[in-house]
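Input: a single structure, listed below in structure tokens.
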Amino acid sequence: MPIIPNFLLLEINLQNNCYKGYRIEILTKKLDMKNTGKFQIKELLHQKTYLINGELVPWKGKTDNVYSTISSTQAYKPTLLGSVPHMDEATALEAMQAACDAYGKGQGEWPTMKVSQRIACMEQFVTQMKTKREEVVNLLMWEIGKTLPDSQKEFDRTVEYINDTIEDYKQLDRNSAKFLKRDNVHAHIRRGPLGVVLCLGPYNYPLNETFALLIPALIMGNTLIFKPAKHGVLLISPLLEAFRDSFPKGVVNILYGRGREVAAPIMKSGRIDVLALIGNSTSAIALQDQHPYKNRLRLVLGLEAKNPAIILPDADLDLTIDECISGTLSFNGQRCTALKIIYVHEDIREEFNKRFAARVDALKFGNPWEPGVMLTPLPEPGKPAYIQELIDDALEKGASILNKKGGETSDNYIFPAVLYPVTPEMRVYKEEQFGPVIPIKTFSDIQELLDEIANSNYGQQISLFGKDVKELAPLIDTLVNLVCRVNLNSACQRGPDVFPFTGRKDSAVGTLSVHDALRSFSIRTFLASKDNAINNEILKQLLETKDSNFVSTDYIL
Ligand code: G3H
């Protein structure tokens, strides 16, 4: 049955008792009429300018329409939300030139500015950004189908990330506001920027994860070019003025268009110092390959993962099932941290499978603003067909769908299928599904399972469910070397954002967290001064006059 957005109910003549074949009683039970108008896209958002060199320049070229997979009509049809520029190589290279000029090979205003001044720019940005919460949240729902509470959380979490980054940078600055002395040399050691950053974020966290890269990159004194994700692109529009107003010209430049048309030529130029990308390794490798001087290129990458859950025989099943539901299906499993395979011990397999499958079937599907929904339309039009392929392949190779609704398809969704038993020959075992399908495999020998996980190409996180300390202890000791975060009796997740977020093998390069990201986007650099009368007098004057932006023992409050 097609999904009818709440706001369409406004058009229903209530005296009529039915609307295009649908009984109103049924619709009004399913949809909350009080919310109807609030989330409606009232006018199309045509992004007619782009930010380059401190100006919002009118775009006169080709444009790309932006659609939501959420239908606004009774007969299913994607909803047109607006359009964005379809930039070409020449414009991309202009953006790169603007970022290079602003960096000025390390001599620009931004990389040489006092820390306190860069912090002031960031504070202005976050103040302006906060005024755009409602618009951004609404676009998050329409563009990527994220639920209202999760969209609000994404915005608020990003604001908090910026504020925490500012505080952490102050602490970093305080810690280096001193001189060290060794072997007759005084050293004033700080962290300096790396250069020009190309920043690309993912569609599942188009605001938060893109900003988790660009905010630390900026505050450390780098300049950047960033391309919003393919889905979740319009939601950057309300923030363009804040970027323009808060930072010196050329420090932030924003590109629209296809990666291979705009990002590839930028990499080819060899003028990018840092590739910051959260997405998949195919794009990351393709972009790195374009760069002619690989030894100069720093990488900060968040890539694919296939986080497993291990359920031991003594696990508390109520808690385990709750965590496995949120771990596998929050945002329809479209999270790099999602649980993408469940290993359940043979002894509790039957009970777990039965209860878990029933819980999946009880989940509510609907549009993102509907109260209590967990499952929402998939933003990628081709995703239901891809998930169907994984299901068909698994069924052909011997798996069954354990839940009644598993695999039910509508125009923009496929209901999560719980697949069991899954074997290594199946695609769903090997591929990162990044969507609503849940493979389950059993184990009886824990050593065999550890070997299997050790042989996986992924190494981000794991969820470990159990109670017996004697059994858990050696597992923890091994698992921390196979992945980078072991979640005890809880789903995998990135947050709290102050904790390190990284991965082994194909899952990441570099570490992100409020603190670690500041390090990832900077390098240690220092003034060394032999202990003699001339130098010491210079140091004294540098500190007294405050003429240097780098040499400073000021305590930033
Ligand atoms: O897509 C990967 C995200 O970093 C996951 O973040 O665990 O907070 O949903 P999350």
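Bear in mind that the values in this text are calculations on the coordinates, not laboratory data. The structure presented is a predicted model; accordingly, all values stated were derived computationally and were not measured. Positions of Cβ are generated from backbone atoms using ideal geometry, with glycine treated the same way; all protein chains shown enter the neighbour counts.
Side notes on the structure shown:
- Put in order of Cβ neighbour count within 10 Å, fewest first, the listed residues Trp142, Trp110, Trp59, Trp369 become Trp59, Trp110, Trp369, Trp142.
- For Lys181, the lysines whose Cα falls under 27 Å of its own Cα, not counting residues fewer than eight places away in the same chain, are Lys114, Lys170, Lys530, Lys540, Lys546.
- If the segment from Glu123 to Ser269 were pulled out straight at 0.36 nm per residue, it would be longer than the present Cα-Cα gap by 49.3 nm.
- Loop-located trypsin sites (Lys or Arg not before Pro) in region 155-258 (DSSP state other than H, G, I, E, B) with a sparse environment of at most 13 neighbouring Cβ atoms within 10 Å: Lys178.
- Cβ-based exposure ranking for Thr409, Thr328, Thr49, in which fewest neighbours within 10 Å come first: Thr409, Thr49, Thr328
- For Thr91, Thr131, order by how many other beta-carbon atoms lie within 10 Å, fewest first: Thr131, Thr91
- Principal axis extents of the Cα atoms in region 265-346, from largest to smallest and rounded to whole angstrom, are 56, 22, 16.
- Net length available on complete extension from Lys153 to Gln107 is 12.7 nm, with 0.36 nm assigned per residue and the Cα-Cα distance removed.
- Cross-linked pairs Lys77/Lys404; Lys42/Lys62; Lys397/Lys441; Lys364/Lys405; Lys42/Lys230: Cα-Cα separations exceed 19 Å for Lys77/Lys404; Lys42/Lys62; Lys42/Lys230.
- With all projection directions averaged, the alpha carbon convex hull of region 504-557 covers 6.0 nm².
- Efficiency of FRET from Cβ geometry, Asp392 and Asp314, R₀ 45 Å, rounded to 0.05: 0.80
- Mean shadow area of region 309-461 over all directions, Cα convex hull, nm²: 8.8
- Computed extension length for Ser400-Phe499: 31.8 nm, one decimal, from 0.36 nm per residue of separation with the Cα-Cα distance subtracted.
- Over region 436-530, the pair-distance histogram of Cα-Cα distances with 5 Å bins from zero comes to 3, 11, 17, 21, 17, 12, 7, 5, 3, 2, 2, 1, 0, 0 percent, rounded to whole numbers.
- All alpha carbon pair distances within the chain were sorted into 10 Å bins beginning at 0; the resulting P(r) in whole percents reads 3, 17, 24, 24, 18, 9, 3, 1, 0, 0.
- Kirkwood hydrodynamic radius of region 29-119, from the reciprocal of the average inverse Cα-Cα distance over all distinct pairs: 17.1 Å.
- Cα centroid of region 214-245 to Cα centroid of region 418-468, whole Å: 36
- Isotropically averaged projected area of region 177-235, using the convex hull of Cα atoms (one quarter of hull area), nm²: 5.4
- DSSP finds beta bridges in the chain, and of those with both partners inside it, around 45 percent are antiparallel.
- Three semi-axes of the equivalent ellipsoid, region 138-202, Cα gyration tensor, whole Å, largest first: 41, 15, 6
- The relative contact order of the chain, computed from alpha carbon pairs under 8 Å that lie at least 6 residues apart in sequence, is 17 percent.
- Relative contact order for region 60-154, counting Cα pairs under 8 Å that sit 6 or more residues apart, in percent: 21
- When you restrict to C-alpha pairs under 8 Å that are six or more residues apart and normalise by the size of region 256-367, the relative contact order lands at 22 percent.
- Label-point separation in nm, Lys42 to Ser326, each point 7 Å along Cα→Cβ: 3.5
- Cα shape, region 88-190, gyration tensor, a/c 1.5 rule: oblate
- Amide H contacts under 5 Å for Trp59, placed H, 5+ residues apart: Thr49, Tyr50
- Cα extents for region 323-365 along the principal axes, largest to smallest and rounded to whole angstrom: 30, 22, 12.
- Working from label points 7 Å from Cα in the Cα-to-Cβ sense, the Gln541 to Thr525 distance is 2.4 nm.
- Centre separation in Å (Cα based) which lies between region 50-91 and region 251-285: 19
- Working note: 222 nm ellipticity from helices only, DSSP H runs with n ≥ 4, each -39,500 (n - 2.57), summed and divided by the residues of the chain, gives -11500 deg cm²/dmol to the nearest 500.
- Estimated FRET transfer efficiency (Thr73, Asn457; beta-carbon r; R0 41 Å; 0.05): 0.45
- Taking every Cα-Cα distance in region 208-310 and sorting them into 5 Å bins from zero, the calculated P(r) comes out as 2, 10, 21, 24, 21, 12, 6, 2, 1, 0, 0 percent.
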